[in-house]
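Presented below is the structure to which this report refers.
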Amino acid sequence: MKKAHCFPLSRFLLWVMIAAFANPTLLWADESVEIKFGITPWKTSDELYRMHKPLMNYLEKELKTKVSFNVTKDYSDLLEQIKLKRIDIGSFSPNAYVEAKSALPGLKYIVTPQEKDANGKLQPYYQGVIIVLKSSSIHSLNDLKGKTFGFTDTQSTSGYIFPRNLMQKEGINPDTDFSEIFMLKKHNKVTAAVVNHSVDGGATAKAHFQEAVKEYGDIFRVIAETPPIPYDAYAAGPHVSSDMCEALKKALLALTPESPVIQEMKKNAFEKDAFIALDDHLYDVIREVNKQIKK
């Protein structure tokens, strides 16, 4: 009777290590492992889930690991969930990223989304707008004095930070020059409040304003636009391995405007066309504006 051939354990472990370093995704290619992706609630949970489902499916395939999608309670909750290791990768709004990086220096920047401009060139920037109804008598920022106004959230870049800075540069103090301020949390609530005459003016991202025009018609007047704002930052918690961050970056950078994943996401109102890996300094403009509004 022939003796069974035994493969030495040490040689097997060496093979596994070599294979893992050749293909880092093998280091976590385990059905029991789950990458938890988190995002702030700038739309409803259902809308955000539908929008990002193609991306989550793509990442599962590329990383060979289950990927779950989580919508946090608010901007600060995303950071808290990463600190608790309940979320691994977060899509932070620009200002939320700056605040999170300050509170958690070990946060690892990965990529920034890009969108095509009017000339078809990919740009990692967007703008915020201040809007009123065309039927109103408001034509400038100064005309807003004594009126009611709607922001989104104090950590929102296009819905609060940059519009507030615009007002201050025009000599308007939002804390004293409005008859009342409403913090409405979501961008679509700002545009709805303007439509319903609940506020006289509001601050929102340009993309959300364009969505509102599609929904309500050409009834708005843009009275101010912010300077360019860096798009959201995708960042990983300090507990996430460098190998996983690199694999995630590689997967996201492989997407182009023509990728089926991007095309499917755009059917559900995703405005971005691709991703780019820059670095944390992209967000220094946010830090500078924060200093100005706190003076």
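The values are calculated or read from the model by the stated rules, or taken from the named source; none is laboratory data. All figures in this text were calculated on a predicted structure; none of them were measured in a lab. Note that each Cβ is placed from the backbone with ideal geometry, even for glycine, and that neighbours are counted across all protein chains shown.
Residue count for the range 233-246 under the criterion of being within 17 Å of ASP279 (Cα to Cα) and part of a helix (DSSP H, G or I): the result is 3. Every condition in (1) touching a helix residue (DSSP H, G or I) at 6+ places or on another chain (Cβ under 8 Å); (2) at pLDDT below 95 is met by ILE89 except one, and the failing one is (2). With respect to (1) in a helix (DSSP H, G or I); (2) free of Cβ contacts under 8 Å to residues at least 40 places away in the same chain, the lone exception for ASN70 is condition (1). Does the range 214-222 contain at least one residue that is in contact with a helix residue (DSSP H, G or I) (Cβ under 8 Å, 6 or more places away or on another chain), aromatic (Phe, Trp, Tyr), within 26 Å of ASP77 (Cα to Cα) and surrounded by fewer than 18 Cβ atoms within 10 Å (Cβ to Cβ)? No; the residues of the range 214-222 include none that is in contact with a helix residue (DSSP H, G or I) (Cβ under 8 Å, 6 or more places away or on another chain), aromatic (Phe, Trp, Tyr), within 26 Å of ASP77 (Cα to Cα) and surrounded by fewer than 18 Cβ atoms within 10 Å (Cβ to Cβ).
Evaluate the range 153-170: report whether one residue or more is in contact with a Pro (Cβ under 6 Å, 6 or more places away or on another chain) and farther than 23 Å from LYS291 by Cβ. Within the range 153-170, none of the residues are in contact with a Pro (Cβ under 6 Å, 6 or more places away or on another chain) and farther than 23 Å from LYS291 by Cβ. Scanning the range 237-270 for residues that are surrounded by 15 or more Cβ atoms within 10 Å (Cβ to Cβ), among the hydrophobic types (A, V, I, L, M, F, W, C) and within 14 Å of THR112 (Cβ to Cβ) yields a count of 3.
Taking the numbered list (1) surrounded by fewer than 20 Cβ atoms within 10 Å (Cβ to Cβ); (2) modelled with pLDDT of 95 or more in turn, LEU59 passes all entries but (1). Within the bounds of the range 57-65, is there any residue that is closer than 16 Å to ILE35 by Cβ and in a loop (DSSP other than H, G, I, E, B)? Scanning the range 57-65, I find at least one residue that is closer than 16 Å to ILE35 by Cβ and in a loop (DSSP other than H, G, I, E, B), so the answer is yes. Candidates are the residues of the range 84-122 that are among the hydroxyl-bearing types (Ser, Thr, Tyr) and in contact with a strand residue (DSSP E or B) (Cβ under 7 Å, 6 or more places away or on another chain); the one that is farthest from LEU252 (Cα to Cα) is TYR97. For the range 133-156, the tally of residues that are touching an Asp or Glu at 6+ places or on another chain (Cβ under 6 Å) and of a type in the set (Phe, Trp, Tyr) stands at 0. Are there any strands (runs of 3 or more DSSP E) wholly within the range 133-213 with 2 or more residues that are surrounded by fewer than 17 Cβ atoms within 10 Å (Cβ to Cβ) and without any contact (Cβ under 8 Å) to a residue 40 or more places away in the chain, and if so which? Filter on the range 133-213 gives 180-183. Of all residues in the range 31-56, those satisfying the criterion of being touching a residue at least 60 places away in the same chain (Cβ under 8 Å), outside any helix (DSSP H, G or I) and within 12 Å of the chain's Cα centre (by Cα) are PRO41, TRP42, LYS43. Can you name every residue in the range 239-273 that is of a type in the set (Gly, Ala, Ser) and either touching a helix residue (DSSP H, G or I) at 6+ places or on another chain (Cβ under 7 Å) or within 18 Å of TYR97 (Cα to Cα) (or both)? Of everything in the range 239-273, those that are of a type in the set (Gly, Ala, Ser) and either touching a helix residue (DSSP H, G or I) at 6+ places or on another chain (Cβ under 7 Å) or within 18 Å of TYR97 (Cα to Cα) (or both) turn out to be ALA247, ALA251, ALA269.
Yes/no per residue for (1) among the polar types (S, T, N, Q); (2) touching a His at 6+ places or on another chain (Cβ under 8 Å); (3) farther than 26 Å from ARG164 by Cβ:
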| residue | (1), (2), (3) |
| --- | --- |
| LYS73 | no, no, no |
| SER102 | yes, no, no |
| GLY120 | no, no, yes |
| VAL129 | no, no, no |
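For (1) assigned by TED's automatic domain parsing to the domain that holds THR256; (2) touching a helix residue (DSSP H, G or I) at 6+ places or on another chain (Cβ under 9 Å), each residue gets a yes or a no:
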residue: ALA103; (1), (2): yes, yes
residue: GLY106; (1), (2): yes, no
residue: TYR109; (1), (2): yes, yes
residue: THR112; (1), (2): yes, yes
residue: SER140; (1), (2): no, no
residue: LYS145; (1), (2): no, yes
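Based on this model, can you work out whether ALA247 counts as modelled with pLDDT of 95 or more, in contact with an Asp or Glu (Cβ under 8 Å, 6 or more places away or on another chain) and of a type in the set (A, V, I, L, M)? Here the answer is yes, as ALA247 does meet what is asked.
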